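Here is the structure we will look at, set down as C-alpha cells.
Read-outs throughout are calculated quantities, based only on the coordinates presented, and are distinct from any laboratory measurement. All figures in this text were calculated on a predicted structure; none of them were measured in a lab. As a convention, Cβ positions derive from the backbone with ideal geometry for all residues, glycine included, and neighbour counts pool all protein chains shown.
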Amino acid sequence: MIFKKIWNKIYTYYLRLFYRTLQFNEDVIVDYRCEIEQKNNISIGKKSILYKNITIYKQKEGYLDIGEGSHIAPYGYFLIEKQKLTIGDNVAIGPFCSIFCSTNAISGDENTLFKDSYTKGDVNIGNNVFIGTHCIILPNTIIEDNVVIAANSTLKGRLKSGYLYGGNPAVEVKAISHA
C-alpha cells in the first residue's frame, strides 16, 4: 500500500515535470496506472485524485478541467476528442463510469453507416455532484450543482440542481436538500 502511494506521488511529479502543458495544483494525485492520451489542455484543481486505471482519450484540441477536491474512482473512461469536459469542485465519480463527448449515433442519412455517424458535444458537471457506479454520460450533457446520480444511470441533456436522478435514461427521482 505504501509503495503505491509513493509511486503515485512520483508519477504525478513526473507528469508535472515533463508535461508543462498540464496544470496540476497542490496535492493532486494521479495514479501511475492511469492512461492519458495527449497530455495537454488538462487542468486539475488542488486535492483532486484520479484513482487507478482511469483512461482519458482526447485529441490535442480537447480540454479536461477538473475542479478542487474532486475524485474519480477506478476504471473510469473519458472520451473527449476535440470537445471539452468540465468537472466542478467536490465531485465524486464512482467506479466504472464513462463520459462521452463523442459517441456513435443514428444518422438521418440512410447511406451513412452507424459506425460512421457521431454525436459530439461538451459535457459540463457542476459542483457538489455525486455520480454512482457504472453511469454513462453522453455528449451535450449539463449536470448542474448539487445533484446525485443513482448507479447504472444513463445521462443526457440538462439535469437540474437539487435532484436525485436515476434510470436509463435518467429521470428526476426526487428533490434533495443540500445542508
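Quick notes on this one:
- Neighbour-limited loop hits for trypsin sites (Lys or Arg not before Pro), the stretch 18-70 (at most 11 other Cβ within 10 Å; DSSP other than H, G, I, E, B): ARG20, LYS60
- Gap separating the Cα centres of the stretch 15-71 and the stretch 136-179, nearest whole Å: 24
- Per DSSP, loop trypsin sites (Lys or Arg not before Pro) in the stretch 69-122 with at most 15 further Cβ within 10 Å: LYS82
- The chain - mean residue ellipticity at 222 nm from DSSP helices (-39,500 (n - 2.57) per run, n ≥ 4, rounded to 500): -3000 deg cm²/dmol
- Exceeding the 31 Å Cα-Cα cut-off - candidates LYS5/LYS174; LYS4/LYS46; LYS47/LYS115; LYS84/LYS115; LYS5/LYS39: LYS5/LYS174; LYS47/LYS115
- Computed across the chain, the Kirkwood hydrodynamic radius from all distinct Cα-Cα pairs reaches 16.7 Å.
- Dipole magnitude for the stretch 2-175: computed about the Cα centre from +1 point charges on Lys and Arg Cβ and -1 point charges on Asp and Glu Cβ, it is near 540 debye.
- Measuring nothing but how far apart in sequence close Cα pairs (under 8 Å, 6+ apart) lie, relative to its length, the chain scores a relative contact order of 12 percent.
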